[in-house]
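The values are calculated or read from the model by the stated rules, or taken from the named source; none is laboratory data. The shown structure was predicted, so the numbers you read here are calculated from the model rather than taken from an experiment. Glycine also receives a Cβ, built like all others from the backbone with ideal geometry; neighbour counts cover every protein chain displayed. Ligands, DNA and RNA are excluded from the accessible area calculation, which covers all protein heavy atoms including side chains. Shrake-Rupley method; radii C 1.70, N 1.55, O 1.52, S 1.80 Å.
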Amino acid sequence: MTSNTDQPAIRVDGLWQVFGPHGNTALRAAQEAGGSRDEIAARLTRQDLIPAVRDASFEVAPGELFVIMGLSGSGKSTLIRGISRLVEPSAGAVSIEGEDVLAASKARMTELRRTRMGMVFQHFGLFPHMTVLDNVAYPLKVGGVGRKARYDKARPIVEMVGLEGREGAFPRELSGGQRQRVGIARSLAGDCSVWFLDEPFSALDPLIRRQLQDEFLQIRKRLNTTILFITHDIAEALKLADRIAIMRDGVIIQIGTPAEIVLQPVDDYVRDFARDVARGRHARVGSLMRPADSVGPDDPGLRTDMTLDAALASCMSLYEPVPVHDGAGQVIGMVHPADLAAALQVDET
């Protein structure tokens, strides 16, 4: 969960990524000419350039799991590659834990990727001639860690991702889900404090995917890691995220909690994403809570972390506002049963 601190783990400010001949020069000229983000993008498009990311700005708190989602071609993967400098952004600013990433030298970026930034992508990229243990320990080997020390470090990580007993297996002997676990374990070997994951489960069968999502959430509980997670799957985003940024045509359309995305979409594009989502399973009572100033006589025992489905089942026969409790049992607000019912109604427009 998010941590209370003044400094974000990741700060992105006005990031642009323009593809095409002399794209950076054209972007500077378009910005100097002035105009809105859309006007600048239109000028670039008329020059047969591709503004794949358009003036993206957001912050991620330490320990937060921040999901960036959108359809294919929305710019989400390009954005994460710009933040990690796997591609060089055309303009803007990026800082990770207070350090200006775009000003870092090539040697410094290599060091950051070894010691601070873990990365997992859709394609596993495992070394076929190495065992599971050697694949996981490889970042430590590159960092100069001795054989015994790196194996001692890698074994608990292999166990954490559920591959105990498979340390000596080669990638060809593993299932797709097991290979992805090796990729996740390898990215954790360097004790990363910021973790980038680009559609890590999308190539897997649905059943294995759901299993890995559950295991990923369990792994996260054991880590003090900030996570930037890319997906095109709204169900995956709602299941994993503390907050979600939804992209379209290189632009961040909305940033919000899962409940805000489901219950308060800013436009039809976001609304279409959430149209088939079971609202009652993803939105929590806390998202509808009001100050506790007019509570009725009944107390069905609602908690801020209850789903709307569970809350409505507890008070569907009541007609007055009821109290909402925190984890310690203290009343911290109220909710009206009618608000729960209204929030669960499907918008057919």
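Some points to look at:
- Test: Leu223 is outside any strand (DSSP E or B), open to solvent by less than 30 Å² (accessible area, probe 1.4 Å) and among the hydrophobic types (A, V, I, L, M, F, W, C): no
- Whichever residue in segment 113-152 is touching a residue at least 60 places away in the same chain (Cβ under 8 Å) and of a type in the set (S, T, N, Q) and, among such residues, is farthest from Gly98 (Cα to Cα): Gln122
- The set of residues in segment 272-291 that are over 19 Å from Asp242 (Cα atoms) and either at pLDDT 80 or above or in contact with an Asp or Glu (Cβ under 6 Å, 6 or more places away or on another chain) (or both) comprises Asp272, Arg290, Pro291.
- Residues of segment 44-57 satisfying the condition of being crowded, with 18+ Cβ neighbours inside 10 Å and either closer than 16 Å to Ile10 by Cα or not β-branched (Val, Ile, Thr) (or both): Leu44, Leu49, Pro51, Ala52, Arg54, Asp55, Ala56
- Residue match in segment 67-88 (condition: surrounded by fewer than 19 Cβ atoms within 10 Å (Cβ to Cβ), in contact with a helix residue (DSSP H, G or I) (Cβ under 8 Å, 6 or more places away or on another chain) and farther than 20 Å from Ala9 by Cβ): yes
- Scanning segment 152-198 for residues that are surrounded by fewer than 20 Cβ atoms within 10 Å (Cβ to Cβ) and charged (D, E, K, R) yields Asp152, Lys153, Arg155, Glu159, Glu164, Arg166, Glu167, Arg172, Glu173, Asp191.
- When segment 116-151 is limited to residues that are hydrophobic (A, V, I, L, M, F, W, C), assigned to a helix (DSSP H, G or I) and at pLDDT 90 or above, the one that is most open to solvent (accessible area, probe 1.4 Å) turns out to be Ala149.
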